[in-house]
1. When ligands, DNA and RNA are left out and all protein chains stay put, how many square angstrom of accessible area per residue does the chain have with a 1.4 Å probe?
2. Counting residues in the stretch 270-372 as N, plug N into 2.2 N^0.38 Å and put the Cα Rg over that result.
3. Can you list the lysines whose alpha carbon is less than 28 Å from that of LYS105, not counting same-chain residues fewer than 8 positions off?
4. Pairs LYS46/LYS159; LYS159/LYS303; LYS214/LYS311; LYS46/LYS302; LYS214/LYS302: which are spaced more than 30 Å apart, C-alpha to C-alpha?
5. Suppose the chain between GLN284 and THR349 were pulled fully straight at 0.36 nm per residue; how much longer would it get relative to their current alpha carbon spacing?
6. For the chain, give the magnitude of the charge dipole about the Cα centre (Cβ charges: +1 Lys/Arg, -1 Asp/Glu; no others), in debye to the nearest 20.
7. Work out the charge dipole of the stretch 157-234 with +1 on the Cβ of Lys and Arg and -1 on the Cβ of Asp and Glu about the Cα centre, then indicate which of LEU163, THR217, THR205 is farthest towards its positive end.
8. For the chain, what is the mean residue ellipticity at 222 nm derived from helices alone (per DSSP H run of n ≥ 4: -39500 (n - 2.57); sum divided by total residues; nearest 500 deg cm²/dmol)?
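The values are calculated or read from the model by the stated rules, or taken from the named source; none is laboratory data. Remember, predicted model here, so these are calculated numbers, not experimental data. Glycine gets a Cβ as well: all are built from the backbone with ideal geometry, and neighbour counts include every protein chain shown. Side chains are part of the model used for accessible areas, which takes the heavy atoms of the whole protein and leaves out ligands, DNA and RNA. Shrake-Rupley method; radii C 1.70, N 1.55, O 1.52, S 1.80 Å.
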Amino acid sequence: MYTLLLVDDEEFALAALRHALPWEAYGFRDIHTATSSPDAWEILTKQRIDACFIDIRMPGMTGLELLAEAQRQNLETLFVVVSGYSDFSYARQAIQFGVLDYCLKPVSEEECRPVLEKLARHIPLNRISHDPAYVSRLLAEEAFCGYFLSGLTASGSGKLALLLVRGPEPGKILAAADSLLPTRIFFLGEDEAFLIWRDAPEEDTIVSFLEAWKQSTLFIYGTIAPEPASFQNAFRRMRVICHSRSTAPTGIVKLPSVNEETAAYLANVLSYIEENYASRLTLQDLARQFGVNYSYLSQLFKKATNQTFEKHLAHIRLTHACRLLSDTYMPIADIAEKVGFRDYHYFCTAFKRFCSMTPSQYRDAHRTPADA
């Protein structure tokens, strides 16, 4: 489902635009209207709007000024200018602000069909993010995550659906998944992607869609309440399951459910591990740190992540070791100690089991020609 904003200072023109085009046939089922640029700006900044049709000649803050501000603020909305023939020069000016297209008044379905088809092609692409730093901020900053979720769910009606995809060709799967209208898509790497739905599709619908690829791809899915702690905890647990060597490399895995209080608690535990992985960290240390029984924490960790604390900690340490091997010239023994391994020989054994090659082989294989 796509979100649409229609902006015109004339009520009659706004009503005509609302009813002139077959919006729902192109996926627009959440439609907002505004009769001034300030009102439109408030809607644009409080929630995610996929497309905005805007009249550029309005009193006060003009459509052109709104477009200029939207460009400065890097809004992800796709804009279409609506103008009369006499205002065509203004429509051309709007091109400099990155508008997708323009329509002439009076708007007709026949003339606007190419514009709607262009939007249908561009919106899915516009929802895709290739910036891993954005996802890192969602996990690290509660306020930023809350802002993201508030925009995502402003007009939603229930839980979020999350899907983590890891396989050889996620692009093909994502192209097919567009039929399910995911709200946002994040590429986490060449073989990994993360999808979010604002209104969770039926579980049977998702599973049925995934069946065709389960032999070659790992899918982890679940539903959560649209709250920062729940989102951050679920995403962390999905990454843990995805990269666990004890998890089957392909198939469909449902995220183990935990209640909201436990989810928020576990989010703090996982965050603490990520920040302190290089120290002499044990499950007993965690139990003391968070004031719980050792056995309870061990069982909770296993239930929520499908792996033991020890395997999760080793995975984090070895992942950081891989980064240091490929990005630095630091001696391997120093890398082992830096990521938390006190025994060099044990580090080499664990690394080979993790990557199917020795640390030196990994460094040689992942060093760029310029570094050689």
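1. Details: 18200 Å² over 372 residues.
Value for the chain: 49 Å² per residue.
2. Details: Rg = 15.4 Å, N = 103, 2.2 N^0.38 = 12.8 Å.
Compared with the compact-globule rule of thumb, the stretch 270-372 sits at 1.20.
3. Those lysines meeting the cut-off are LYS118.
4. On the way: LYS46/LYS159 19 Å; LYS159/LYS303 22 Å; LYS214/LYS311 25 Å; LYS46/LYS302 38 Å; LYS214/LYS302 24 Å.
Among LYS46/LYS159; LYS159/LYS303; LYS214/LYS311; LYS46/LYS302; LYS214/LYS302, the Cα-Cα distance tops 30 Å for LYS46/LYS302.
5. Details: separation 65, 0.36 × 65 = 23.40 nm, distance 2.46 nm.
Gain on extension, GLN284 to THR349, equals 20.9 nm.
6. Details: 37 positive and 45 negative charges, 374 e Å.
The calculation lands at about 1800 debye.
7. LEU163
8. Working: 17 runs with 191 residues, N = 372.
Helices in the chain give a 222 nm mean residue ellipticity of -15500 deg cm²/dmol.
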